[in-house]
Amino acid sequence: MAIGILATGSYLPDQVVTNDDLARTVDTTDAWVTSRTGIRQRRRAAPDQTTSDLGHLAAAAALRNGGLTADQVDALVVATSSPDRIQPSTACHIHAKLGLTQVPAFDVGAVCSGFVYAAATAAGLMGSFPQHRRVMVVGCETYSRILDYEDRGTCVFFGDGAGAAVLGHVPDGYGVLGCDLIADSTQLDVVGVPAGGATEPADARTVRERRHYFHMDGRRVWNFATQAVPRVVKGALTAAGLDVGDVDVLVTHQANARLIEECAARSGIPLDRIPTTVERYGNTAAASVPITLAEAHAAGRLRRGDVVVLAAVGGGMTAGALVLRWY
């Protein structure tokens, strides 16, 4: 049988942070942020919540929504760029919280493209090794822990949250039809957290120079994304034997509303086929695609037989798209 999505779920922390809230500590205004990004608010994890806590709650919601139990999960793949720790993996933390048996669990690192990469990896695992009948895929982030709230160019964009999907077998003709993943390592410096790893271990200098915070060159992100997203969408559709006119729903990375609009125009996909959550949650990085997918699913926007495309762009730089016929 084919491999498709059986269930979705999401979790957003309770605390709402508005543009006016940010304007109290950084040089910005609600009008500036809204006009340039479309973002009006975002969520922030509670002080005692970790990335794996958010991921666990999203995964639990997906199981509940699909009428499934943890003992029916045969593997766990997690996408995050704000992990609980450098090691062990955030996937193993979620594994413990879900109470999984000794099934494999691992992280995939592709920043905001992470969920698409992770879903493609999960589908490949299932296709190659039949003992993996159901795989939980989670995208989860707590960017509030790595943002510099003195940097208007980053802190206004991001929020915390998690989304999840359970992949499993569906009838032939449904499920994953095509995929396209790319990376351009000539642009390693466009986004990232410079310090804290083996290249720049934590010391007084790295802390003083604020190198443990997330950094981003917004203009270069825009230039890459507006070329890469249409490219991978077209590539995945071609692999599926389809065209942009066949797309019923495009669930794309929620970086900011203006970027979504530009990528839609360049891809040739009408905006009314693109659900958005960016205005309420901001950019939740690897969590943005599964959060938006889960909300679209819950709202009844995804109907059996629809051609659904998941697409994202992230640091590295990376981009990916996955085409499914919804079941």
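The values are calculated or read from the model by the stated rules, or taken from the named source; none is laboratory data. A quick note: this is a predicted structure, and the numbers were derived from the prediction, not measured. Every residue, glycine among them, receives a Cβ derived from its backbone with ideal geometry; neighbour counts consider all protein chains shown. Note: areas computed on protein heavy atoms with side chains; ligands, DNA, RNA excluded. Shrake-Rupley method; radii C 1.70, N 1.55, O 1.52, S 1.80 Å.
Assign one of three labels to the stretch 1-79, namely rounded, prolate or oblate, based on the Cα gyration tensor with a ≥ b ≥ c the square roots of its eigenvalues; rounded applies when a/c is under 1.5, prolate when it is not and a/b is larger than b/c, and oblate otherwise.
In terms of gyration-tensor shape, prolate.
Need one value: the accessible area of Tyr143 in square angstrom, 1.4 angstrom probe, rounded to the nearest 10.
Roll a 1.4 Å probe over it and Tyr143 shows about 0 Å².
Kindly report, to the nearest 10 Å², the accessible surface of Ile86 as traced by a 1.4 Å probe over protein heavy atoms only.
140 Å²
Could you give the length gained by full extension between Asp306 and Asp21, i.e. 0.36 nm per residue of separation minus their alpha carbon distance, to one decimal place?
Residue separation times 0.36 nm, minus the Cα-Cα distance, leaves 98.6 nm.
Between the stretch 5-60 and the stretch 190-237, what's the alpha-carbon centroid distance in Å?
Centre-to-centre (Cα) distance: 19 Å.
Output wanted: per-residue J couplings in Hz (rounded whole) for the stretch 115-124, from phi through Karplus 6.51 cos²θ - 1.76 cosθ + 1.60, θ = phi - 60°, x for Gly and Pro.
5, 5, 4, 5, 5, 5, 4, 4, 5, x
Only sites in a loop by DSSP and with at most 13 other Cβ atoms within 10 Å count here; which trypsin sites (Lys or Arg not before Pro) in the stretch 186-267 make the cut?
Those that pass, being in a loop and sparsely packed, are Arg210.
Would you work out which of Val135, Ala165, Thr154 lies farthest towards the positive end of the dipole of the stretch 111-174? Charges go on Cβ: Lys and Arg +1, Asp and Glu -1.
Selected residue: Val135.
Taking amide H atoms as placed 1.01 Å from N in the peptide plane, list the residues 5 or more away in sequence, or in a different chain, whose amide H sits under 5 Å from that of Ile3.
Amide H to amide H, under 5 Å and 5 or more residues apart or across chains, Ile3 pairs with Val170, Val176.
In the full protein assembly as shown, how much of Ser89 is accessible to a 1.4 Å probe, in Å² to the nearest 10?
Ser89 has an accessible surface of roughly 30 Å² with all protein chains in place.
In debye to the nearest 20, how big a dipole does the stretch 28-106 give about its Cα centre with +1 on each Lys and Arg Cβ and -1 on each Asp and Glu Cβ?
I would put it at about 380 debye.
Each label point is 7 Å from the Cα along the Cα-to-Cβ direction; what then is the distance between the points at Arg219 and Phe129, in nm?
Reported label-point gap for Arg219 and Phe129 is 4.6 nm.
Please list Arg44, Arg85 in order of solvent-accessible area, largest first, computed with a 1.4 Å probe with all protein chains present. Please list the in-between numbers first.
Working: Arg44 70, Arg85 140 Å².
I get Arg85, Arg44, largest accessible area first.
With each label point set 7 Å from Cα along the Cα-Cβ vector, what nm distance links Ala299 and Ile182?
It is 2.9 nm.
Rounded if a/c is under 1.5, else prolate if a/b beats b/c, else oblate: with a ≥ b ≥ c from the C-alpha gyration tensor eigenvalues square-rooted, which is the stretch 168-327?
Note, shape of the stretch 168-327 comes out prolate.
Under a crude label model (7 Å from the Cα following the beta-carbon direction), how far is Glu262 from Thr101 in nanometres?
Distance between the two pseudo-spin positions: 5.0 nm.
Just to be sure I follow: if Rg is taken over the C-alpha atoms of the stretch 232-312 and Rh is the Kirkwood radius over the same atoms, what is Rg/Rh? Please list the in-between numbers first.
Values: Rg = 12.0 Å, Rh = 12.8 Å.
Rounded to two decimals, Rg/Rh equals 0.94.
Working with all protein chains in place, sort Phe129, Phe157 by solvent-accessible area computed with a 1.4 Å probe, largest first.
Phe129, Phe157
Going by the alpha-carbon gyration tensor, a ≥ b ≥ c the square roots of its eigenvalues, is the stretch 90-137 rounded (a/c under 1.5) or, if a/c is not under 1.5, prolate (a/b greater than b/c) versus oblate?
On the way: a/c = 2.57, a/b = 1.06, b/c = 2.42.
Verdict is oblate for the stretch 90-137.
Would you give the gap between the C-alpha center of the stretch 111-137 and the C-alpha center of the stretch 243-317, rounded to a whole Å?
19 Å
Using +1 on the beta carbon of Lys and Arg, -1 on that of Asp and Glu, and nothing else charged, what's the dipole of the chain about the Cα centre, debye to 20?
Working: 29 positive and 33 negative charges, 49 e Å.
Roughly 240 debye, rounded to the nearest 20.
Given [x] -0.33, -1.21; [y] -0.39, -1.28; [z] -0.47, -1.34, which label gives log10 I(q)/I(0) by the Debye sum over Cα atoms at q = 0.08, 0.15 Å⁻¹ as computed from the coordinates?
Given [x] -0.33, -1.21; [y] -0.39, -1.28; [z] -0.47, -1.34, the calculated one carries the label [x].
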